[in-house]
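Engineer: Sharing a structure below in C-alpha cells format, with a few things to ask.
Quick note: the coordinates plus some simple rules give every number you see, no bench work behind them. Every value quoted in this text rests on a predicted model; they were computed, and no experiment measured them. As a convention, Cβ positions derive from the backbone with ideal geometry for all residues, glycine included, and neighbour counts pool all protein chains shown.
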Amino acid sequence: MTNWYSYALAAFFLMGTQNFLYKVSAERGYHTGWVTFFFMATVACLSSIMWLVRREPIADFSLLIFLSFLNSLSFLVATVTHIESLKHLPAATVYSVTRLNLVIVTLFSVFFLKDQISSRQIAGVLCAIGAIPILAQGPNKGETATSRGRQGFIYLAICLFASALASISSKYAAMYVSRIAFLTLVYTMATLASAGLGNRFRTATVKSNRRGTFGLGLAIGILNFAGYLAFLKALSSGPLSLVASIVSMHFVVAIVLSIFIYRERLTLPRALGFVLTVLSIALIGF
C-alpha cells in the first residue's frame, strides 16, 4: 500500500464523518453562519499552534497568499452552500451531486497536470463517478424537484464548482508551499469571512442553541483539521485524480451514518452505489 493511499483513506473517513455533522446541523436547525464560524475558527487555532511549534519555513510568500486566498474563498462558499442545500434537499441527493466535482477535478488532473494513471486506476475513477448518479436516486427521488424547490439546486450548483476549485488549489498548495502555513492562512481568512455570516441564513426555523452550535462547530473543525492535513499529505505525493477519487467518496460515510442515526432508508440504488464506491477505492489503491 502506497503512502499517499493511506493518507487518502484517512481523509476519506475523517471528512466523511465531518460531512455527517453538516447533516446534524441541518437536522437540528442550527445557524449555518455560526456553525461555519466556529468550525473555521477551530481549524485556524489548531493550525496556528502547529505552525508555531513546527516553525515551518515559507519559501514563496506571494504564492502562499494567492493560493490561501483562492482556497479559502472557494472552500467557504462550498461549505455554506453545502449546509444550506441540506435544508432543502435529501441527504443522498446533496452528498451525491456535490461529489460530481470529481469529474471536473479528474479532467483537470489528466489534461493540465498530466497525471499518469494505470488502466486499473482509470476503472476505479470510473466506478467512483458511476456511483454518484446511482446514489443520487434516494427514497425521495420523486419529491426532490417539486416539493423541495429550486433553491436547494442553486446551492448545489455553486457548491459543485466551488469545491472543485478548492481541490485544485489544494493540489498546488501541497506541491509548492508549506502545508501548515497554507492551512493556517486558509482558515484564518475563512474565519474572518465567516464572521460576516452571523446575520445571514437566518430563518424562522433557526435555533439559538449557542452551546450546541459551538460544540458542533468545534467537532467539525477538529475532524476537518485532521482530515485536511491527511488530504494535503496525500496530494503532495499522489496524483490529484486518484486522491480526489478516493476522498470525494467520503459522502458515503455520511449517508451510512444518516441511515443508522436518522433512519434514512437503505434502497437498492444506495446499496449498489456503496458497492461501487468500495470497488473504486480497491481498484485505485491495490
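Engineer: Within 14 Å, Cβ to Cβ, of residue 180, how many net charges do the neighbouring residues add up to if Lys/Arg are +1 and Asp/Glu are -1?
Structural biologist: Net local charge, residue 180 excluded: +3.
Engineer: Say R0 is 45 Å: what FRET efficiency, to the nearest 0.05, do residue 60 and residue 268 get from their beta-carbon distance?
Structural biologist: 0.35
Engineer: Any chance you could run the full-extension gain for residue 278 through residue 150? It's 0.36 nm times the residue separation minus the Cα-Cα distance, nm to one decimal.
Structural biologist: Difference between extended and current length: 42.9 nm.
Engineer: Next question, about the same structure. Where Lys and Arg each count +1 and Asp and Glu each count -1, what net charge lies around residue 46 among other residues with Cβ under 14 Å from its Cβ?
Structural biologist: My count for the surroundings of residue 46 gives +2.
Engineer: Another question about this same structure. Among 160, 63, 86, which one shows the highest mean-square fluctuation when the chain is modelled as a Gaussian network with alpha-carbon springs under 10 Å?
Structural biologist: Judging by the Gaussian network model, the answer is 63.
Engineer: Return the sequence-ordered ³J(HN,Hα) values of the stretch 229-241 in whole Hz as given by the Karplus equation 6.51 cos²θ - 1.76 cosθ + 1.60 applied to θ = phi - 60°, using x for Gly and Pro.
Structural biologist: Rounded to whole hertz, the list is 4, 5, 4, 5, 5, 5, 5, 5, 10, x, x, 4, 4.
Engineer: Turning to a different aspect of this structure: Can you tell me the relative contact order of the chain? Whole percent, Cα pairs under 8 Å, sequence separation 6 or more.
Structural biologist: About 46 percent, as a whole number.
Engineer: Can you give me the long-range amide H partners of residue 30? Hydrogens built in the peptide plane at 1.01 Å from N, cutoff under 5 Å, separation of 5 or more residues or another chain.
Structural biologist: Here the answer is 207, since their amide H atoms fall under 5 Å of that of residue 30.
Engineer: Need the list of aspartates and glutamates near residue 23 for cross-linking: C-alpha distance under 17 angstrom, and skip anything on the same chain fewer than eight residues off.
Structural biologist: 84, 264
Engineer: Report the gain in length on full extension from residue 118 to residue 211: 0.36 nm times residue separation, minus Cα-Cα distance, nm rounded to one decimal.
Structural biologist: 28.6 nm
Engineer: Shape call for the chain from the C-alpha gyration tensor, a ≥ b ≥ c root eigenvalues: rounded (a/c under 1.5), prolate (a/b greater than b/c) or oblate?
Structural biologist: oblate
Engineer: Suppose R0 equals 30 Å. What FRET efficiency, 1/(1 + (r/R0)^6) with r the Cβ-Cβ distance, do residue 45 and residue 176 give to the nearest 0.05?
Structural biologist: The pair residue 45/residue 176 has a calculated efficiency of 0.75.
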